[in-house]
Amino acid sequence: MHIRTINKYKVIQRFSLCKKLYDINETLYIQERDSVHEDPQKVFSETKEYLTDISLEVYISLLKGFIVPDEHQPSNQNRP
(Lines give C-alpha, C1' and ligand atoms only; values in the text may rest on other atoms or scores of the structure.)
Protein backbone atom coordinates (compact mmCIF):
# COMPACT_ATOMS: atom_id res chain seq x y z
CA MET A 1 0.00 0.00 0.00
CA HIS A 2 1.31 3.41 -0.98
CA ILE A 3 1.63 6.01 1.78
CA ARG A 4 0.56 9.40 0.49
CA THR A 5 2.63 12.46 1.30
CA ILE A 6 1.13 15.28 3.34
CA ASN A 7 2.17 18.78 2.29
CA LYS A 8 2.20 21.98 4.31
CA TYR A 9 0.39 25.10 2.99
CA LYS A 10 -0.04 28.71 4.14
CA VAL A 11 -3.36 30.49 3.74
CA ILE A 12 -2.93 33.69 1.70
CA GLN A 13 -6.59 34.69 1.40
CA ARG A 14 -9.46 34.04 3.79
CA PHE A 15 -11.87 31.27 2.89
CA SER A 16 -14.42 29.01 4.51
CA LEU A 17 -14.43 25.24 4.27
CA CYS A 18 -16.81 22.94 6.15
CA LYS A 19 -18.14 25.70 8.45
CA LYS A 20 -14.66 26.90 9.45
CA LEU A 21 -13.06 30.18 8.46
CA TYR A 22 -9.38 29.99 7.55
CA ASP A 23 -7.46 33.23 8.04
CA ILE A 24 -4.34 34.59 6.38
CA ASN A 25 -1.07 32.97 7.57
CA GLU A 26 -2.79 29.91 9.04
CA THR A 27 -1.18 26.59 8.23
CA LEU A 28 -2.97 23.65 6.64
CA TYR A 29 -1.72 20.20 5.82
CA ILE A 30 -3.20 18.49 2.77
CA GLN A 31 -2.62 14.90 1.78
CA GLU A 32 -1.52 14.31 -1.80
CA ARG A 33 -4.00 12.92 -4.30
CA ASP A 34 -4.39 9.16 -4.69
CA SER A 35 -4.64 8.80 -8.45
CA VAL A 36 -4.92 5.00 -8.31
CA HIS A 37 -7.90 4.68 -5.95
CA GLU A 38 -9.21 8.24 -6.38
CA ASP A 39 -9.65 8.63 -2.64
CA PRO A 40 -10.42 12.18 -1.47
CA GLN A 41 -7.63 14.32 -0.10
CA LYS A 42 -7.58 14.82 3.66
CA VAL A 43 -7.10 18.24 5.27
CA PHE A 44 -5.44 18.69 8.67
CA SER A 45 -5.17 21.77 10.90
CA GLU A 46 -2.08 23.54 12.25
CA THR A 47 -2.26 21.18 15.22
CA LYS A 48 -2.40 18.26 12.76
CA GLU A 49 -5.97 17.41 13.67
CA TYR A 50 -8.06 15.85 10.88
CA LEU A 51 -10.59 18.38 9.55
CA THR A 52 -12.25 17.10 6.39
CA ASP A 53 -11.88 15.44 3.00
CA ILE A 54 -11.79 17.53 -0.17
CA SER A 55 -12.11 16.65 -3.83
CA LEU A 56 -9.41 17.30 -6.40
CA GLU A 57 -11.54 20.14 -7.77
CA VAL A 58 -11.66 21.90 -4.39
CA TYR A 59 -7.90 21.42 -3.95
CA ILE A 60 -7.20 22.96 -7.37
CA SER A 61 -9.50 25.88 -6.52
CA LEU A 62 -7.65 26.49 -3.23
CA LEU A 63 -4.34 26.62 -5.11
CA LYS A 64 -5.74 29.39 -7.32
CA GLY A 65 -5.30 32.19 -4.79
CA PHE A 66 -6.19 30.83 -1.36
CA ILE A 67 -3.23 28.65 -0.31
CA VAL A 68 0.44 28.34 -1.28
CA PRO A 69 3.02 25.69 -0.43
CA ASP A 70 4.91 26.61 2.74
CA GLU A 71 8.49 27.10 1.57
CA HIS A 72 9.90 27.34 5.12
CA GLN A 73 9.34 23.65 5.81
CA PRO A 74 10.12 20.59 3.71
CA SER A 75 6.89 19.63 1.99
CA ASN A 76 7.46 15.87 1.96
CA GLN A 77 6.13 14.50 5.22
CA ASN A 78 4.76 11.01 5.61
CA ARG A 79 2.45 11.90 8.48
CA PRO A 80 0.60 15.04 9.55
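Tabulated data
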| quantity | calculated |
| --- | --- |
| Residues (open to solvent by 90 Å² or more (accessible area, probe 1.4 Å) and either polar (S, T, N, Q) or without any contact (Cβ under 8 Å) to a residue 12 or more places away in the chain (or both)) located in region 32-49 | His37, Glu38, Thr47, Glu49 |
| Residue that is modelled with the lowest pLDDT, among those in region 5-19 that are closer than 13 Å to Phe44 by Cβ and surrounded by fewer than 16 Cβ atoms within 10 Å (Cβ to Cβ) | Cys18 |
| From the options Tyr22, Tyr29, residue that is at negative phi, at pLDDT 95 or above and open to solvent by less than 90 Å² (accessible area, probe 1.4 Å) | Tyr29 |
| Members of region 50-65 found to be over 16 Å from Arg4 (Cβ atoms) and open to solvent by 60 Å² or more (accessible area, probe 1.4 Å), listed by number | Glu57, Ile60, Ser61, Leu63, Lys64 |
| Residues located in region 56-71, provided they are among the aromatic types (Phe, Trp, Tyr) and more than 20 Å from Ser35 (Cβ to Cβ) | Phe66 |
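The values are calculated or read from the model by the stated rules, or taken from the named source; none is laboratory data. Owing to the predicted nature of the structure, the values given are computational and were not obtained by experimental measurement. Heads up, the Cβs are rebuilt from the backbone with ideal geometry, glycines too, and the neighbour counts pull from every protein chain shown. Protein only, heavy atoms only, side chains kept; ligands, DNA and RNA dropped before computing areas. Shrake-Rupley method; radii C 1.70, N 1.55, O 1.52, S 1.80 Å.
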